[in-house]
Amino acid sequence: MTAIKLNTICENFYHWEKNTPDNIFLRQPYGSTWKDYSYKEAGIQIRKMVAAIKDLNLPEKSNIGMVSKNCAHWIMADLAIAMSGHISVPFYATLVADQLNQVLVHSQCKLLFIGKLDDFGSMEAGIPADLKCIAFPAEYAGSPTHKYQDWDSFVANHEPDKTDFIPKLDDLFTIIYTSGTTGMPKGVMATFGGFVDALKSTADIVKLNISNPRFFSYLPLCHIAERNIVEAACIASGGTIFFAETLETFPKNLAFAQPTHFLAVPRIWSKFQLGILGKMPQKKLDLLLKIPLISSLIKKKIKTGLGLSKAEVILTGAAPIPNSVVDWFGKLDIRIRNAYGMSENLGAHSMMPIGNTKNGTVGKPYPGVETRIDPETGEVQMKASWNTPGYYREPELTANLYQDGWLCTGDMGEVDSQGFLKITGRVKDQFKTAKGEYVVPGALELAFATNSNVEQICVAGTGLPQPCALVVLSEIGKSIDNQELVNSLTETTQSVNQLVKNYEHIKTILVLKEPWSVENNMLTPTMKIKRNIVEAKFGKLMEDNCEKNELVVFEP
């Protein structure tokens, strides 16, 4: 068992650097090889950067930005910023110039680390000309070392800083900009003490005490889930972080890492499911799982192939996951547990208890969390010692975030008699039909998840007579003929409509040509649908087809 450390992230790192210097901290893939950094080796790099940052003589507690995909130097830069007494402000690596400029200016960054990127050219113009920038080493694809001084040359003339900076608990550790589903991203302030309290409350539930914990980093590290469940949890437990190199190598990298802790958003789980079914149709899989000896071999092969053969904590979050998907993986002995939170509460509100699950819920609140449901709006509100002190430079938004000391999550939900929390939708996602009735789209969308022909769905209909479903097909859906697809969607729609009120009945399904992605601005970097963008783009198409008698309509 590991003796975890539940102090600030700086103190936790100092502990492992001193007591387990030769243990591997970071593993970075390059093709078929991996570059390893032990706690000692990472410490040397980090402490050299601390010395170099101090030589810049920045104002005390300056904001220092980072824009890069996940990599070993992302973690090292984050620690160097904290250990030099400054505040890290990470940004999504998918931002374009205007978006990056917006958050850079708003956050008042005094220095910017630029790293592993797919398209630096699309964001370069957004970087203020007078902002000093440091590029991650050239070994990372897309790092603009041709444009800026690189990490290695920046620290070349500095000896590792020998001081162990101990931050105060109420000092800011980081400012996390939200992914901006509905507009301007907000800078959520998080303190060192907030992370300490959240870790103390969740350590047992997420099994940080297991031997040799291994984490796999691929979701954006600038998002609270990855920051907490991968970075902070690893440094508290003295574990190892493996990285994904590219989207294409993700399966190979995950299979190599075989993490003990793994988090995936629902869309990833759906892709895993579709990938398995693409190799082994459901009927064949069902048959093989009924044969005892074969069943064990199949389960082991699938888990090892995915990279989950050693996983003890398997989590999902960020969006609702269909019960059918959780049950499907459960039959393979892959036990997915829901976790629920937001940037404003460090992603730590509730989690499915070990051995006490209830489908359709996001588990029970963590110790130290108080939860209530607003009787008028149905909004989930909560209190915890790790809640954000507010939004950076936005006092009005901060005031609106709290109601009598309760954090307003913006999610609608219910708490049952056993204390399980169920999320039913977003307060702002509700729309009013032409009949004056409010529709909450989340439950309708979730009900469609049983149909393997559907990969993405957005139910909309502001001002329309009935809700309309915008659908993007899965690879399975694209492979069947149109009549079979229409029959399948019709059957699912009829089943869904039986569960809801008449004014919630879906009358039209629009099958779209192009998948929604971060690149075409339909999804946030955390894979959430940008409803306002989607609805604006397809509003005319919905209007033109909502009065027709055809249930399924294909985008022309």
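If you take the alpha carbon radius of gyration of the stretch 254-346 and divide it by 2.2 N^0.38 Å, what ratio comes out, to two decimals? Before the final figure, lay out each step's value.
Details: Rg = 13.9 Å, N = 93, 2.2 N^0.38 = 12.3 Å.
Working it through for the stretch 254-346, the quotient is 1.13.
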### Summary
In the stretch 29-81, lysine pairs 8 or more places apart or on different chains with C-alpha atoms under 20 Å apart total 4
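Have a look at the DSSP beta bridges in the chain and tell me what percent are antiparallel, nearest 5. Don't skip to the answer; put the middle values down first.
Details: 39 of 76 bridges.
Roughly 50 percent of the beta bridges in the chain run antiparallel, per DSSP.
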### Query
How are the C-alpha pair distances of the stretch 351-448 spread across 5 Å bins, as whole percents from the shortest bin up?
2, 11, 18, 20, 19, 14, 10, 4, 1, 0
### Task
Starting from the residue with the highest accessible area, list 5, 530 in decreasing order, probe 1.4 Å.
5, 530
## Note on the structure
Once 227, 393 are ranked on solvent-accessible area with the largest value leading and a 1.4 Å probe, the list reads 393, 227
## Note on the structure
In Å, the C-alpha Rg and Dmax of the chain are 23.8, 74
### Message
Multiplying the sequence separation of residue 520 and residue 290 by 0.36 nm and subtracting their Cα-Cα distance, what value in nm do you get?
### Response
78.5 nm
#### Entry: Mean separation of Cα contacts under 8 Å, 6 or more apart, over the residue count of the stretch 357-506: relative contact order %
16
### Query
What distance in nm separates the simple spin-label points at residue 499 and residue 57, each placed 7 Å from Cα in the Cβ direction?
6.5
#### Entry: At R0 = 25 Å, FRET efficiency that the Cβ-Cβ distance of residue 212 and residue 331 yields, to 0.05
0.30
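Using Cα pairs under 8 angstrom and six or more residues apart, how large is the relative contact order of the stretch 1-123, in percent? Please list the in-between numbers first.
Numbers: 154 pairs, mean separation 28.9, N = 123.
Answer for the stretch 1-123 is 24 percent.
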### Message
Explain nothing, just the number: relative contact order of the chain, from Cα pairs under 8 Å at least 6 residues apart, as a whole percent.
### Response
11
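Quick one: putting +1 on the C-beta of Lys and Arg, -1 on the C-beta of Asp and Glu, what dipole do you get for the chain around its Cα centre, in Debye to the nearest 20?
Details: 56 positive and 59 negative charges, 291 e Å.
Charge dipole of the chain: 1400 debye, to the nearest 20.
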### Query
Stokes-Einstein D for the stretch 404-556 at 20 °C, 1.002 mPa s, Kirkwood Rh over Cα pairs, in µm²/s?
131
### Query
Which angle between 0 and 90 degrees, to the nearest 10, do you get for helix 72-83 versus the longest principal axis of the chain when only C-alpha atoms count?
60
### Summary
Compactness summary of the stretch 303-394: radius of gyration and Dmax from Cα atoms, Å, are 15.6, 49
### Query
So how tilted is helix 292-306 from the main axis of the chain? Cα-based, degrees 0 to 90, rounded to 10.
50
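Can you pull the semi-axes for the stretch 49-139, root of five times each eigenvalue of the Cα gyration tensor, sorted largest first, whole Å? The partial results should precede the final answer.
Values: eigenvalues 80, 48, 22 Å².
Here the semi-axes work out to 20, 15, 11 Å.
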### Task
At 1.4 Å probe size, with no ligands or nucleic acids counted, give the accessible surface of residue 429 in Å², nearest ten.
40
## Note on the structure
Taking R0 as 35 Å and r as the Cβ-Cβ distance between residue 483 and residue 416, the FRET efficiency 1/(1 + (r/R0)^6), rounded to the nearest 0.05, comes to 0.25
### Query
Just how far, in whole angstrom, is the stretch 270-318 from the stretch 377-405 if you go by their alpha carbon centroids?
41
### Task
List the equivalent ellipsoid semi-axes of the stretch 433-517 in whole Å, largest first, each obtained as the square root of 5λ for an eigenvalue λ of the Cα gyration tensor.
22, 13, 11
### Phi to ³J(HN,Hα) by Karplus 6.51 cos²θ - 1.76 cosθ + 1.60 over the stretch 427-440, Hz, x for Gly, Pro
4, 7, 7, 4, 9, 9, 7, 5, 8, x, 9, 8, 10, 9
### Summary
Which residues qualify? For residue 350, with a placed amide H closer than 5 Å and at least 5 residues away or on another chain, they are 340, 366
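Quick one: if the Förster radius is 35 Å, what FRET efficiency do residue 309 and residue 18 give, using the C-beta to C-beta distance and rounding to 0.05? Mind dumping the intermediate values first?
Details: r = 32 Å, r/R0 = 0.93.
After rounding, the FRET efficiency stands at 0.60.
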### Summary
Rounded to one decimal in nm, the spacing of the 7 Å Cα→Cβ label points at residue 164 and residue 323 is 5.1
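First select every other residue whose beta carbon is under 14 angstrom from the beta carbon of residue 371; then total the charges, Lys and Arg +1, Asp and Glu -1. Don't jump to the answer; show the numbers that get you there.
On the way: positive: 364, 372, 383, 422; negative: 370, 374, 379, 411, 414, 416.
In short, -2.
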### Query
Helix 97-107 versus the longest principal axis of the chain: what is the Cα-based angle in degrees, 0 to 90, to the nearest 10?
60
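Counting each pair of different Cα atoms once, what's the Kirkwood radius of the stretch 431-477 in Å, rounded to one decimal?
11.2
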### Hypothetical label at residue 44: residues of the stretch 71-101 whose amide nitrogen lies under 18 Å (7 Å Cα-Cβ projection)
72-73, 76-77, 80
### Message
In Å², and per residue, what accessible area does the chain have when probed at 1.4 Å with the other protein chains present?
### Response
43
### Query
Per 5 Å bin, what percent of the C-alpha pairs of the stretch 142-275 does each bin hold, from zero upward?
2, 8, 13, 16, 17, 19, 15, 8, 3, 1, 0
### Query
Which of the trypsin sites (Lys or Arg not before Pro) found in the stretch 9-77 are in a DSSP loop and have at most 12 neighbouring Cβ atoms, other than their own, within 10 Å?
61
### Task
Convert each backbone phi in the stretch 320-335 into a coupling constant with the Karplus relation 6.51 cos²θ - 1.76 cosθ + 1.60 (shift: θ = phi - 60°), then list the ³J(HN,Hα) values in order as whole Hz, x for Gly and Pro.
x, 10, x, 4, 4, 6, 4, 5, 4, 5, x, 5, 9, 6, 9, 8
### Query
Any idea how far apart residue 249 and residue 377 come out in nm if each label point goes 7 Å out from Cα toward Cβ?
4.5
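For the stretch 120-217, what value does the Rg/Rh ratio take when both radii are computed over Cα atoms and Rh is the Kirkwood radius, given to two decimals? Let's see the in-between values first.
Details: Rg = 18.7 Å, Rh = 18.0 Å.
Result: Rg/Rh = 1.04.
The values are calculated or read from the model by the stated rules, or taken from the named source; none is laboratory data. For clarity, every value in this text was computed on a predicted model and none was experimentally measured. So basically every Cβ, Gly included, is an ideal-geometry build from the backbone, and we count neighbours across all protein chains shown. Heads up: the accessible areas ignore ligands, DNA and RNA and are worked out on the full protein's heavy atoms, side chains in. Shrake-Rupley method; radii C 1.70, N 1.55, O 1.52, S 1.80 Å.
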